[in-house]
Amino acid sequence: MIPQTFKEVIDLGDGREISIETGKLAKQAHGSVVVQSGKCMLLCTVVSNYHAADVDFLPLTVDYREKFAAAGRYPGGFFKREARPSDGEVLTMRLVDRVLRPLFPKDYHSETQVMIQLMSHDEDVMPDAMAGLAASAAIQLSDFPFECPISEARVGRINGEFVINPTRAQLLESDIDMMIGASADSVMMVEGEMDEISEEEMADAIKFAHEAIKVQCAAQVKLAEAFGKKEVREYEPAVEDEDLAKKIHDMVYDKTYTIAKAGSAKHERGAAFSEIKEEVFASFSEEEQAELGKLIHKYVAKAQKAAIRNLTLDEGLRLDGRKTDEIRPIWCEIDYLPSTHGSSIFTRGETQALATVTLGTSREANQIDMPSYEGEERFYLHYNFPPFSTGEARPIRGTSRREVGHGNLAQRALKGMVPEDCPYTVRVVSEILESNGSSSMATVCAGTMAMMDAGVQLKKPVSGIAMGLISDADTGKYAVLSDILGDEDHLGDMDFKVTGTADGITACQMDIKVKGLSYEILVNALKQARDGRLHILGKITETIDTPKAEVKDHAPTMVTRRIPNEFIGALIGPGGKVIQELQKETETTIVINEDPVTEEGVVEILGVGSKGIDAVMAKIDSLLFKPEVGSVYEVKVIKMLDFGAVVEYVDAPGNEVLLHVSELAWERTENVSDVVNMGDVFDVKYFGVDSRTRKEKVSRKAILPKPEGYVARPPRDNNDRGGRGRDNRGRDNRGRDNRGRDNRRDDRKPREDNKED
């Protein structure tokens, strides 16, 4: 029996549509949908346990995977099966998670899984732009306690016109690549990269995307109504005790306010807050602590949060004593590590990043192999966040999703400033050594300086800043915080990171926690971020204002050379013998790529110092050497023969030609060694290919003056051949026929008669 299906279609304009269908696949999941645009199809399923886990948070897992079969491809590697998620898949998981998580009730603690799979790929559709829509639509069909439908959309701008969910080809022409997550009422998440746009332009792009998201949210509501919206499941809500909350508030609020106003350092402040908590616990009996321990922790944190927020809103002061727009003290240093190709330290308050740069050939490019995209990155950035940076000891289990996300943000911030003609593959690694707020922005600043220290010719330096927002809907008060601390990240209503040059924004990441944030507040926050960003940029340029003109002495120099494709084989040699020996002799790295556009070979030569590189360039010159007819060249004798000398062009080692004995001198030469010897260097004239011998001809005598009285031998007459021609019967003047027999009758001997008498 064919199952009943339900479907809604969303018009994106330009003849493009997105459909949401349910009822056919994965019906045992608590909610499932297939979202399709063109040939791209995503299957999303959601499941949530009916019993709460013994945790005080929502154990939500968002998983996004791209199946290689969706693109008709095999997974790479030895085992032909999809394994750990790629960085691209992890980034999509983070985008969806950040929008979904705030819409679950704070006291909902059931294990919840959202699984999104790319089942069919379309080269003209980027699937990550539909992942948020798929997740929310599946949840709308479930009985989860979820506040409202959301969706995500990508926005680009081509020739000044905004485009929703552009293709990958269109993004190459776009100066904006932003992903926006929102409900029908509020924008909740923004992340993307831009080509130095203004704050107002960024706000306009967000507005444009939000209008498209509203339509997608409405389609989800229609689909749920047609399918039959389930009753929201009942779950055990968190226990509340208003009397206990008030008691703890009275014990904690004033003390916290006083400590916060003192503006102490992180560890000192943390110790003071912990002391307050211990005093609160000490006021309860052991039985009460055992029974009410979780509530006490919760209400202490709530009271402390209220005190810190009110201090900022009422007095404009912050935890560390700064004003709302004040930046922490900054110090920077470059060239700290002696053996790296480039390095820098960026320290802002209690956040510190040590960045290194490594320069390489195209062979070191980061290969991206996903069903939805294949390519490579010649610039990439890796971010490491060890536990000691926050004074903790915890297990290290590979690269975390957070590290992938923060590294990607910093990479997007910087990559637009790396020149397109940069010959190197550039790898930046940021090691976070201290963290108390915005280590990703410290990475941007440290990465900028490290690349300039390495001699990467950045178009412009880039800086970044993390901002916060504290607002009160009842009073209308709000405070935008520049350069937020780690604690302010948790207690604020919005945290956003903005990077850019002196001329505009290059990347951003926002998480907005309050509903209905006005665009006026958003633009004001972005403008305050610009002031802070420029302040930080000034500190960077005080340390290093322009990229170093040359790479370091111990760093490799990269030289590229283009050669016709027909010479690539000669440079590589049989089985790679020539290029391998050349690399070994010159201590260089040589990489050859073919340019399909120009049909040329691009040779990359990487080496420390100029000696090895010059030797490789000389070898290439030798391969490409083509002497011109009539030109004079300097040659060296490399081999002596009976009939001439083999000479090598001095300016093109490896290119040899025979100098015939007859071309050594005007006088008759009996022995080659009478005129030249091994190692002699002299000039010869090039005559091209001899029509008679079909070999290249050079002459030494052609550029020497003729001896006095020299008489050239008359040219040979091929018809006469010195009186030794043949008559019309094929006999020569000696009477011999073609077989060399003497046929002259008068010279023949009389035949002897062998018969007996």
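Here's the yes/no breakdown for (1) closer than 15 Å to ILE505 by Cβ; (2) in a strand (DSSP E or B); (3) acidic (Asp, Glu):
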{"residue": "LEU409", "(1), (2), (3)": "yes, no, no"}
{"residue": "LEU414", "(1), (2), (3)": "yes, no, no"}
{"residue": "VAL426", "(1), (2), (3)": "no, yes, no"}
{"residue": "VAL429", "(1), (2), (3)": "no, yes, no"}
{"residue": "ASN436", "(1), (2), (3)": "no, no, no"}
{"residue": "MET451", "(1), (2), (3)": "no, no, no"}
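Residues of segment 571-599 that are of a type in the set (A, V, I, L, M) and free of Cβ contacts under 8 Å to residues at least 40 places away in the same chain: ILE572, VAL578, ILE579, LEU582, ILE590, ILE592, VAL597. The residues in segment 126-143 that are surrounded by 24 or more Cβ atoms within 10 Å (Cβ to Cβ) and in a loop (DSSP other than H, G, I, E, B) can be counted, and the count is 2.
Taking the listed residues GLU628, GLU604, the one that is out of contact with any Leu (no Cβ under 8 Å at 6 or more places or on another chain), farther than 26 Å from HIS341 by Cβ and not in a helix (DSSP H, G or I) is GLU628, with no other qualifying. Considering THR347, THR340, which residue is not in a loop (DSSP other than H, G, I, E, B) and not aromatic (Phe, Trp, Tyr)? Only one candidate qualifies: THR347. Checked against the criterion of being free of Cβ contacts under 8 Å to residues at least 60 places away in the same chain and surrounded by fewer than 17 Cβ atoms within 10 Å (Cβ to Cβ), segment 525-536 has no qualifying residue. When segment 178-196 is filtered for residues that are crowded, with 20+ Cβ neighbours inside 10 Å and in contact with a Gly (Cβ under 9 Å, 6 or more places away or on another chain), the ones remaining, listed by number, are MET178, MET179, ILE180, GLY181, VAL187, MET188, MET189, VAL190, GLU191, GLU193, MET194.
For VAL55, are the conditions met, namely being modelled with pLDDT of 95 or more and either of a type outside the set (Gly, Ala, Ser) or surrounded by 16 or more Cβ atoms within 10 Å (Cβ to Cβ) (or both)? Working first, answer last.
Values: modelled with pLDDT of 95 or more: no; either of a type outside the set (Gly, Ala, Ser) or surrounded by 16 or more Cβ atoms within 10 Å (Cβ to Cβ) (or both): yes.
So VAL55 fails the test.
Just one residue in the set ARG157, ARG98 is in contact with a Gly (Cβ under 8 Å, 6 or more places away or on another chain) and charged (D, E, K, R); that residue is ARG98.
Restricted to segment 496-534, and to residues that are under 28 Å from the mean Cα position of the chain (by Cα) and in a helix (DSSP H, G or I), which residue is modelled with the lowest pLDDT? It would help to see each step written out before you state the result.
Taking segment 496-534 as the starting set, the residues that turn out to be under 28 Å from the mean Cα position of the chain (by Cα) are 496-512, 526, 529-530, 532-534.
Of the ones still in play, those that are also in a helix (DSSP H, G or I) are 526, 529-530, 532-534.
On the way: LEU526: 91, ALA529: 94, ARG530: 95, GLY532: 95, ARG533: 95, LEU534: 96.
Among those that are under 28 Å from the mean Cα position of the chain (by Cα) and in a helix (DSSP H, G or I), it is LEU526.
What about PHE388, is it surrounded by 18 or more Cβ atoms within 10 Å (Cβ to Cβ) and not assigned by TED's automatic domain parsing to the domain that holds VAL602? Here the answer is no, as PHE388 does not meet what is asked. Just one of (1) in a helix (DSSP H, G or I); (2) closer than 30 Å to LYS298 by Cα; (3) more than 19 Å from the chain's Cα centre (by Cα) fails for GLY181. It is (1).
The set of residues in segment 613-650 that are aromatic (Phe, Trp, Tyr) and under 19 Å from LYS701 (Cα atoms) comprises TYR633, PHE643, TYR649.
If the condition is being basic (Lys, Arg) and in contact (Cβ under 8 Å) with a residue 12 or more places away in the chain, then segment 382-428 contributes ARG401, ARG402, ARG412, LYS415, ARG427. Considering only residues in segment 297-320 that are closer than 14 Å to THR258 by Cβ and in contact with an Asp or Glu (Cβ under 8 Å, 6 or more places away or on another chain), the one that is surrounded by the fewest Cβ atoms within 10 Å (Cβ to Cβ) turns out to be ALA307. Residue count for segment 292-331 satisfying the condition of being in a helix (DSSP H, G or I) and of a type in the set (Lys, Arg): 5.
The values are calculated or read from the model by the stated rules, or taken from the named source; none is laboratory data. Note that the structure is a prediction, hence the values are computed from the model and not measured. For neighbour counting, all protein chains shown are included, and Cβ atoms are generated from backbone atoms with ideal geometry for every residue, glycine included.
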